Each structure stands twice: as C-alpha cells, then as structure tokens.
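Here the structure comes first, spelled out in structure tokens, and everything after it is commentary.
Where a number appears in this text, it was derived from the coordinates with a stated rule and is not lab data. These numbers come from a predicted model, not from an experiment. Cβ placement follows ideal geometry from the backbone for every residue including glycine, while neighbour counts extend to all protein chains displayed.
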2 protein chains.
Amino acid sequence: MYSSKDLKKIIKKIFLKHGLKKNDALISAELIVYAEIIGASTHGVSRLKMYCDRIKKKLINPKPNIKIKHISQSISHIDADNCIGFVSANLGIKQAISNAKKSGIGMVGVKKSGHYGLSSYYIEQAVKKDYIAICFTNAPPAIAPYGSKKSLFGTNPIAFGVPVKSRIPFIFDSSMSKINRGKIRIAEKLGKSLPYGVALDKYGELTTNPKDALSGVQLPIGDHRGSGLAWMVDILCGVFTGSSHGGKVKDPFEDFSGPQNIGHLFIVFKKNLFDKGFDKQIKLNIQRVKKLPRKDPRKKIRYPGEKKYYNFKNNLKKKIKLPKKVYNELQILINT
Amino acid sequence: MYSSKDLKKIIKKIFLKHGLKKNDALISAELIVYAEIIGASTHGVSRLKMYCDRIKKKLINPKPNIKIKHISQSISHIDADNCIGFVSANLGIKQAISNAKKSGIGMVGVKKSGHYGLSSYYIEQAVKKDYIAICFTNAPPAIAPYGSKKSLFGTNPIAFGVPVKSRIPFIFDSSMSKINRGKIRIAEKLGKSLPYGVALDKYGELTTNPKDALSGVQLPIGDHRGSGLAWMVDILCGVFTGSSHGGKVKDPFEDFSGPQNIGHLFIVFKKNLFDKGFDKQIKLNIQRVKKLPRKDPRKKIRYPGEKKYYNFKNNLKKKIKLPKKVYNELQILINT
C-alpha cells in the first residue's frame with residue numbers, strides 16, 4: 001500500500017537507478033502511477049519490471065539522442081532513438097500541440113519508440129489546452145488479420161479527445177481487440193479466467209485461459225471491421241512513420257532480441273477552425289446523449305473519460321494497493 | 001438489366017430532369033452506378049427515388065451556392081448549401097488533395113451536406129494520386145450510445161486508404177455498426193431476415209426482422225468501443241464542421257421536415273512525409289499479412305479494397321440486374 005506520491009517517488013528512483021535522465025524518470029513514473037490511479041493497473045506497476053529488464057538488456061536506451069525534424073509548420077517527425085516510450089510520446093503530443101497552435105493543425109509521427117502507457121494521458125494534455133486530438137500507436141502481435149488464424153496486428157488503440165468546457169475532458173481510448181492484452185496479462189498474473197468469446201488458443205479454439213490466449217489470438221471488435229481498423233493503425237504508425245510493422249513490433253515481455261521500434265502518430269487541431277459555436281454545440285451533443293432512455297435505469301449514461309476522471313478524483317488521495325506478485329516485483333526493484 | 005454505361009446515362013437524365021446542374025447530375029449518377037458495380041447495391045439505385053423525392057420537396061438543393069472558405073494552406077471549410085451529398089464530398093476530397101499537395105497535409109470540413117454514397121469512392125481519388133486519406137461522415141440515428149436503448153449515432157463510417165503501388169488500392173471503409181443500415185433496408189425491400197445478434201427492436205430485444213430493426217437499434221461493433229468510435233465521428237463531422245449532430249441528422253427516407261445537414265471530414269497527406277521507403281514497406285506489410293496461415297485454407301487473405309476491385313473489374317462489362325422493386329421505382333422515375 002502506497003500513496004500515489006510515494007509510489008511516484010519510488011518508481012522515479014528505480015528509473016534513475018537504471019540510468020534514465022531525471023525528467024525522463026519523472027515522466028515515466030508519472031505515467032505508471034497515473035495508470036494505477038485511474039484504475040488501469042494493466043498499464044501500471046505490473047509493467048515496471050519489464051521496462052527495467054529492457055533497459056538492463058540495452059533494448060530501451062536510457063540516454064537517448066532524440067531528434068525532431070520539422071517538415072513544415074504543421075508536420076514534425078521524431079526519431080526517438082529507442083527511448084522509453086513515455087518520453088517520446090510526451091514529446092510527440094507537445095510538438096503536435098505547438099504545431100497546431102501555429103498553423104491550426106499539427107501532425108507528429110514518432111519512430112523508434114516503445115510502449116508508451118495510456119494514450120489518454122497524451123490526449124488529455126491537448127484537450128486541456130483546448131485542442132481536439134487523435135492519436136494512434138501500433139503494438140506487438142495480438143490480433144489475427146481477418147481470414148488468418150495467427151496474430152499479427154497489435155491491439156493498436158485509437159484515442160480521441162475533445163474539449164467540453166467541463167472539468168471532465170471527453171477522452172475516448174480503445175484497443176481494437178475485444179479485450180486488452182494488459183487485462184489478459186493481469187488475469188494470468190492473478191490466476192483468473194477470461195470472459196468467453198474474446199480470445200482463441202493457438203489451435204484456433206475459443207479459450208478462457210489467459211496463458212493460452214497470450215500464445216493464441218485476441219479477437220478484434222466486429223471481425224473484419226476491427227481487423228481493418230487495426231491494419232490502418234499499423235500502417236499509420238508503422239509503415240508511415242518508418243517504424244516496425246506487419247508483426248515485427250517486438251513483444252516487450254517476451255522478445256529481447258532487439259528494441260521494440262514502435263511508432264505513434266499524433267494529430268491535433270484547433271476546435272473552432274470551422275465553427276465558432278463549438279463549445280455550445282459539444283455541450284448540447286453530450287446533453288442529448290445523456291438524456292436518452294437508459295438500458296439499465298440505475299446506470300447513468302457516461303461519456304468517454306468520465307469513469308477515468310471519477311476514478312482519478314476518488315483514488316488520488318487513497319493508498320494504491322498492488323497485487324501480491326506485483327508488490328513483490330517492486331520490492332526486488334527497490335532493493336537491487 | 002442495364003449496362004453500367006446505359007444506367008449512368010439514365011440516372012444522369014433523371015437528375016437533370018430534377019434540376020441538378022450537368023456536372024452534378026453526372027457525378028451523382030457516377031457514384032450510384034459505382035455502388036452497383038462494386039456490389040454495394042445498398043448505396044445504388046435503391047436510393048435514387050429517395051434523392052429525387054428530397055429534391056422535389058426542396059430538401060436537397062439542386063442549384064446550390066457552395067462556398068469554400070480557406071482557413072490556411074492546409075485547412076478549408078465547405079458550406080455545401082444542402083446540395084446532394086455526392087457533389088460536396090467530391091469537392092471536399094479534391095480540395096483536401098490540393099491542400100495536401102501544397103502543404104503536406106490537407107483537412108477539409110464540409111457542412112450542410114447530405115448522404116454521399118460510398119466513402120471508398122472519395123478515398124480512391126486521393127490514393128490514386130499517391131496520398132494517404134482518412135474520411136468520416138456522420139449519418140442519421142442508427143446506433144444506441146453505450147448504456148442507452150435508443151439510437152442516436154449514425155452508422156458513422158470510418159474510411160482509410162493508402163497507395164500500395166499495385167493496381168489494387170488499399171481502401172478500408174466500414175460503418176461502426178455490426179450491420180450497415182443500407183443492408184437492413186435492402187433486406188426489408190426484399191422481404192429477407194437479418195443475421196442474429198446485429199440489431200434490437202424498439203423494446204430492446206434482439207430481432208432478425210428488418211422492419212423492427214429499423215425502428216429499433218443497430219448494435220455497434222465491440223459495445224462501448226464501437227459506440228465511442230461512432231461518437232468520435234459524430235463530433236468530428238457534426239459538432240466540429242458546424243453540421244447537425246447528436247441525433248439531429250435527418251433520416252433521408254423518413255424525415256422530410258428539413259435538409260439532412262450532414263457533415264464530412266477529409267484528412268489527406270503525403271505518403272512519404274516521414275519515410276522515403278514507404279512504397280517498399282507497405283508492400284512488405286501486405287505480403288506479411290497475406291502469408292499468414294489461413295483460417296480456411298481455401299480462402300486467400302485479402303486486404304481491404306481487393307474485393308471491391310475484383311467486383312468492379314468483373315462487373316464493369318456485365319449487365320446490372322436490379323431487384324424487381326428497385327427496377328419498378330426506376331421505371332416510374334424514367335417515365336414521369
């Protein structure tokens with residue numbers, strides 16, 4: 001049990017011990033604790049050992065020489081030099097915001113990056129500055145392309161955010177698989193079963209066993225539709241930015257044969273480019289949805305980001321409980 | 001039975017009779033026949049009577065005064081003045097390509113538009129000129145937001161295309177619902193049932209009856225995931241461009257109380273902004289997917305756009321067969 005403040009300090013210290021620069025250790029700790037606070041423990045401390053292992057094996061570069069190339073006022077390209085993904089993604093969204101500020105729209109591609117945690121963290125930065133933002137990242141094989149029984153696309157999330165003139169930003173962030181890979185890993189760590197119908201084993205049969213699912217296939221949302229969306233993300237983040245793609249992004253937990261070489265793409269633009277009434281209309285939009293008849297009368301209709309916001313607010317002052325296995329991993333990292 | 005050439009002439013003539021300008025009648029006929037040729041009859045002649053009805057009732061403006069406002073080198077805004085959607089979308093993609101040519105990236109928002117047929121037609125124009133393109137359009141209520149039992153979002157397609165140095169362009173085009181609304185309409189017209197699990201009736205029960213589905217709810221892909229993607233498209237196309245949104249886009253077949261006021265968003269960019277090896281890498285990407293072990297060994301793995309391409313090639317010289325009901329509607333339009 002740790003306060004979020006203490007946990008952040010501990011993680012920062014661990015990253016510093018592994019050679020990360022001060023600001024890089026800070027942002028990395030920030031992202032990991034953010035995931036724990038909003039209840040996305042799949043992207044929290046359970047990944048810390050993996051990041052440290054990859055640094056030790058020189059697959060994450062703790063002292064990267066990150067280069068930003070400005071293609072135009074709107075467009076920039078970042079070579080992340082195999083840094084820890086948090087750092088390059090944080091730089092990417094900041095650059096995209098800065099480009100959008102100058103020219104109305106900013107697009108930033110990042111290559112040679114790694115797993116960057118939760119897309120919502122980066123989207124939120126743009127939304128809080130009153131911009132609309134879309135971001136994509138590719139990921140190691142998890143989803144089988146439609147028609148195949150072998151995984152190749154990552155869960156390849158699409159994230160989107162928009163300022164809504166409320167304390168609670170509208171932030172949608174979803175993988176293209178029926179279940180997140182992180183959730184399967186957590187289930188595996190805790191010895192729990194998966195829901196039925198979300199994954200296949202390596203023989204192509206439905207499975208609820210997380211271990212079998214990890215060596216098998218995660219099912220995409222909407223069959224060919226989700227498969228196509230995941231392919232789009234792979235092309236935009238892999239082929240387009242100059243990163244790995246087509247099943248070549250390395251699994252950070254299992255493949256230590258080289259850096260991950262993940263790509264990200266950030267697109268940010270001003271909310272009122274076309275219509276000065278944006279603030280009024282987005283409020284109306286959300287009101288209309290919220291007033292609809294509910295499937296379960298006891299459950300309010302929420303917009304994407306609300307659950308995250310309330311989790312953050314409720315949990316910020318609470319102690320963070322780590323599962324036994326994750327806690328033990330953390331102790332080893334603290335003491336070695 | 002018509003040849004595609006004859007059918008195009010007939011439809012052009014019908015649109016001219018309804019007051020459309022020559023070029024507008026031509027592009028509209030082109031889009032409708034394109035849908036028939038590639039086998040997407042849901043967007044073909046079965047919609048012609050609807051377009052004509054809306055022109056007669058002055059809900060589609062046959063002589064629009066379309067205005068293009070240039071916000072920056074990259075960004076333009078089109079006020080479509082309630083023209084037939086084909087015309088403004090065709091203008092939108094052309095402007096986005098032209099902006100991308102100048103500045104690397106083009107973004108065009110279209111407001112006061114209508115149903116524009118198949119997104120793939122517009123995406124293909126950009127792809128054939130060697131650009132990457134993304135397009136979105138919102139649509140009349142079809143999908144219930146997650147947690148609600150009433151439809152509000154449209155099927156809100158996301159379309160994406162990328163040049164692949166092959167005769168066959170990579171074009172993904174998918175609604176965010178498990179089944180397209182057009183397919184339900186065709187099933188209704190032909191007295192057929194829907195597959196199980198794709199739609200609810202107005203009481204929230206699963207139904208295979210197309211009539212009940214049309215007055216009920218189409219289910220989104222991946223529950224909250226598809227619902228969130230449809231919401232994103234509604235915000236980008238409705239709120240952001242200054243069009244109708246939040247359930248206010250009018251159903252073209254049923255609601256004659258005013259123009260549809262649909263919005264579209266086109267984002268187009270140069271393929272080699274970040275990496276000069278794009279052509280080589282995209283080829284490799286597709287090769288890797290195609291080489292995967294197949295679910296059904298007899299069925300090749302295809303990329304989005306292949307099926308469309310082969311349909312087009314195979315059907316172009318064939319006669320187009322129209323269902324009896326659609327054929328009869330066409331005869332009335334020819335003879336009145």
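Name the chain A residue with the Cβ nearest the axis that maps A onto B: which is it, and what is the distance in angstrom?
A:Ile221, 2
Expressed as a whole percent, how much of the Cα-Cα distance distribution for region A:18-81 exceeds 20 Å?
On the way: 847 of 2016 pairs.
Percentage above 20 Å: 42.
For B:Ile221, what charge total do you get from the other residues with a beta carbon under 12 Å from its beta carbon, if Lys and Arg give +1 and Asp and Glu give -1?
Values: positive: A:Lys178, A:Arg225, B:Lys178, B:Arg225; negative: A:Asp223, B:Asp223.
Neighbourhood net charge equals +2.
Measuring label to label, 7 Å along Cα→Cβ, what does A:Ser72 give against each other copy in nm, shortest first?
Once sorted, the set of distances for A:Ser72 reads 1.0 nm.
About the Cα centre, and with charges only on the beta carbon of Lys, Arg (+1) and Asp, Glu (-1), how big is the dipole of the protein assembly as shown? Nearest 20 debye, please. Let's see the in-between values first.
Details: 124 positive and 48 negative charges, 53 e Å.
It works out to roughly 260 debye.
Could you work out which residue, out of A:Lys248, A:Lys317, A:Lys295, moves most in a Gaussian network model of chain A, that is, has the largest mean-square fluctuation with Cα springs under 10 Å?
Highest fluctuation among the options: A:Lys295.
Name the residue from B:Pro259, B:Ile286, B:Leu273 whose Cα lies farthest towards the positive end of the charge dipole of region B:252-318, charges +1 on Cβ of Lys and Arg and -1 on Cβ of Asp and Glu.
Farthest towards the positive pole: B:Ile286.
Which one, A:Leu229, A:Thr241, A:Ala213, is farthest towards the positive end of the dipole of region A:178-246 when Lys and Arg carry +1 and Asp and Glu -1 on their Cβ?
Towards the positive end, the residue furthest out is A:Ala213.
Can you order the peptides B:184-193, A:232-241, B:304-313, A:91-100 by their average number of other Cβ atoms within 10 Å per residue, highest first? It would help to have the intermediate numbers written out before the result.
On the way: B:184-193: 15.8, A:232-241: 28.3, B:304-313: 17.4, A:91-100: 23.3.
Going by the mean number of other Cβ atoms within 10 Å, highest first, we get A:232-241, A:91-100, B:304-313, B:184-193.
Limiting things to C-alpha atoms, what are the Rg and the maximum Cα-Cα separation (Dmax) for region B:179-219, in angstroms?
Using the Cα atoms of region B:179-219, the pair Rg, Dmax is 8.6, 24 Å.
What is the dipole size for chain A, taken about its Cα centre, with +1 at each Lys and Arg Cβ and -1 at each Asp and Glu Cβ, in debye to the nearest 20?
On the way: 62 positive and 24 negative charges, 298 e Å.
In debye, rounded to 20, chain A gives about 1440.
Within 10 Å of each Cβ in peptide B:273-281, how many partner chain Cβ atoms are there on average? Round it to a whole number, please.
Numbers: counts 10, 19, 10, 1, 2, 4, 1, 1, 9.
Mean shielding count: 6.
Using modelled backbone amide H atoms (1.01 Å from N, in-plane), which distant-in-sequence or interchain residues come within less than 5 Å of A:Asn61's amide H?
Hits under the 5 Å cutoff: A:Cys83, A:Ile84.
Using a 10 angstrom cutoff on alpha carbons, build the Gaussian network for chain B and name the most mobile of B:Lys102, B:Lys183, B:Lys150.
Evaluated over chain B, the most mobile residue of the options is B:Lys102.
Straight-line reach only, C-alpha to C-alpha below 17 angstrom: list the lysines that A:Lys5 could link to, leaving out same-chain residues fewer than 8 apart.
Partners found: A:Lys13, A:Lys22, A:Lys313, A:Lys317, A:Lys318, A:Lys319, A:Lys321.
Can you show me the helix-derived [θ] at 222 nm for chain B, built from DSSP H runs with n ≥ 4 at -39,500 (n - 2.57) apiece and divided by the number of residues, rounded to the nearest 500. Numbers along the way, then the final one.
Numbers: 11 runs with 129 residues, N = 336.
The per-residue figure over chain B is -12000 deg cm²/dmol.
By a straight-distance test (C-alpha under 12 Å), which aspartates and glutamates pair with B:Lys248 as possible cross-link partners, with residues fewer than eight away in the same chain excluded?
Within the straight-line limit of under 12 Å, B:Lys248 reaches these aspartates and glutamates: B:Asp234.
Just the Kirkwood number for the protein assembly as shown, please: inverse of mean 1/r across all distinct Cα pairs, in Å, one decimal. Present the calculation step by step, with values, prior to reporting the outcome.
Numbers: mean 1/r = 0.0390 Å⁻¹.
Result for the protein assembly as shown stands at 25.6 Å.
Go ahead and run the numbers for FRET between B:Lys9 and A:Glu205, Cβ-Cβ distance against an R0 of 51 Å, rounding to 0.05. It would help to have the intermediate numbers written out before the result.
Values: r = 54 Å, r/R0 = 1.06.
Result of the calculation: an efficiency of 0.40.
Determine, from the Cβ-Cβ distance of A:Lys67 and A:Asn335 and an R0 of 51 Å, the FRET efficiency 1/(1 + (r/R0)^6), rounded to the nearest 0.05. Numbers along the way, then the final one.
Working: r = 37 Å, r/R0 = 0.72.
Efficiency for this residue pair is about 0.90.
From the gyration tensor of the Cα coordinates in chain B, what semi-axes in whole Å does the equivalent ellipsoid have, largest first, with each one equal to sqrt(5λ)? Don't skip to the answer; put the middle values down first.
Working: eigenvalues 158, 125, 104 Å².
Largest first, chain B gives 28, 25, 23 Å.
Per residue, what volume in Å³ does the Cα convex hull of region A:152-236 take up? Don't skip to the answer; put the middle values down first.
Numbers: hull volume 9.8 nm³, N = 85.
Value for region A:152-236: 115 Å³ per residue.
So the label point goes 7 Å from the Cα of A:Lys17 along Cα→C-beta, right? Which residues of region A:322-336 then have their backbone N under 15 Å from it?
A:327-336
Output the relative contact order of region A:35-94, whole-number percent, from Cα pairs under 8 angstrom with separation of 6+ residues.
23 percent
Using only Cα positions of region B:31-181, each an equal point scatterer, no hydration layer, compute I(q)/I(0) via Debye at q = 0.17, 0.19 Å⁻¹ and quote the log10 values to two decimals.
Debye intensities relative to I(0), on a log10 scale: -1.08, -1.28.
Using Cα-Cα distances under 8 Å and only pairs 6 or more residues apart, what relative contact order does chain B have, in percent? Each step should come with its number before you reach the end.
Working: 721 pairs, mean separation 70.8, N = 336.
With pairs under 8 Å counted, the relative contact order is 21 percent.
Per residue of A:129-141, how many C-beta atoms from partner chains lie within 10 Å of its own C-beta, taken as a mean? Don't skip to the answer; put the middle values down first.
On the way: counts 0, 0, 0, 5, 0, 4, 0, 0, 0, 0, 0, 0, 0.
Partner-chain Cβ atoms within 10 Å, mean over residues of A:129-141: 1.
How large is ³J(HN,Hα), in whole Hz, for each residue of region B:22-28 in order, when computed from phi with the Karplus curve 6.51 cos²θ - 1.76 cosθ + 1.60 and θ = phi - 60°, using x for Gly and Pro?
Going residue by residue, I get 3, 5, 6, 5, 5, 5, 5 Hz, with x marking Gly and Pro.
Taking 0.36 nm per intervening residue step and subtracting the Cα-Cα distance, what contour gain separates B:Lys307 from B:Ser215 on full extension? Numbers along the way, then the final one.
On the way: separation 92, 0.36 × 92 = 33.12 nm, distance 3.13 nm.
Fully extending the segment from B:Lys307 to B:Ser215 adds 30.0 nm.
Between copies, how far does the label point of A:Gly277 sit from its twins, in nm, shortest first, when each point is 7 Å from Cα along Cα→Cβ?
Once sorted, the set of distances for A:Gly277 reads 5.1 nm.
How large are Rg and Dmax for region A:58-109 when only the alpha carbon atoms are used, in Å?
Radius of gyration, then largest Cα-Cα span, for region A:58-109: 11.6, 39 Å.
Find the relative contact order for region B:129-172 and round it to a whole percent, using C-alpha pairs within less than 8 Å whose residues are 6+ positions apart. Each step should come with its number before you reach the end.
Values: 75 pairs, mean separation 16.0, N = 44.
The value is 36 percent.
Compute a Gaussian network model of chain B, connecting alpha carbons closer than 10 Å, and tell me which residue from B:Tyr116, B:Tyr131, B:Tyr203 fluctuates the most.
Among B:Tyr116, B:Tyr131, B:Tyr203, the largest GNM mean-square fluctuation belongs to B:Tyr203.
Along the positive direction of the dipole of the protein assembly as shown (beta-carbon charges: Lys, Arg +1; Asp, Glu -1; about the Cα centre), which of A:Phe86, B:Pro145, B:Gly92 reaches farthest?
The one lying farthest along the dipole's positive direction is B:Gly92.
If you count the DSSP beta bridges with both ends in the protein assembly as shown, what percent of them are antiparallel, to the nearest 5? Mind dumping the intermediate values first?
Working: 70 of 82 bridges.
Counting DSSP beta bridges with both partners in the protein assembly as shown, the antiparallel share is about 85 percent.
Quick one: dipole size for region A:192-306, taken about the Cα centre, charges +1 on Lys/Arg Cβ and -1 on Asp/Glu Cβ, in debye to the nearest 20. Each step should come with its number before you reach the end.
Working: 20 positive and 12 negative charges, 257 e Å.
It works out to roughly 1240 debye.
If you plug each phi of region A:322-327 into the Karplus form 6.51 cos²θ - 1.76 cosθ + 1.60 with θ = phi - 60°, what whole-Hz ³J(HN,Hα) values come out, in order, with x for Gly and Pro?
For region A:322-327, the Karplus curve yields 10, x, 3, 5, 5, 4 Hz.
Copy-to-copy spacing for B:Lys56, label 7 Å out on the Cα-to-C-beta vector, in nm, shortest first?
Spacings between copies for this position, smallest first, are 7.8 nm.
How large is ³J(HN,Hα), in whole Hz, for each residue of region A:113-125 in order, when computed from phi with the Karplus curve 6.51 cos²θ - 1.76 cosθ + 1.60 and θ = phi - 60°, using x for Gly and Pro?
Couplings: 10, x, 4, 10, x, 8, 4, 4, 4, 6, 4, 4, 4 Hz.
Using a Cα-Cα cut-off of under 17 Å, which lysines could be cross-linked to B:Lys324, ignoring same-chain neighbours fewer than 8 residues away?
The reachable lysines, counting only those whose Cα sits under 17 Å from B:Lys324, are B:Lys49, B:Lys183, B:Lys189, B:Lys192.
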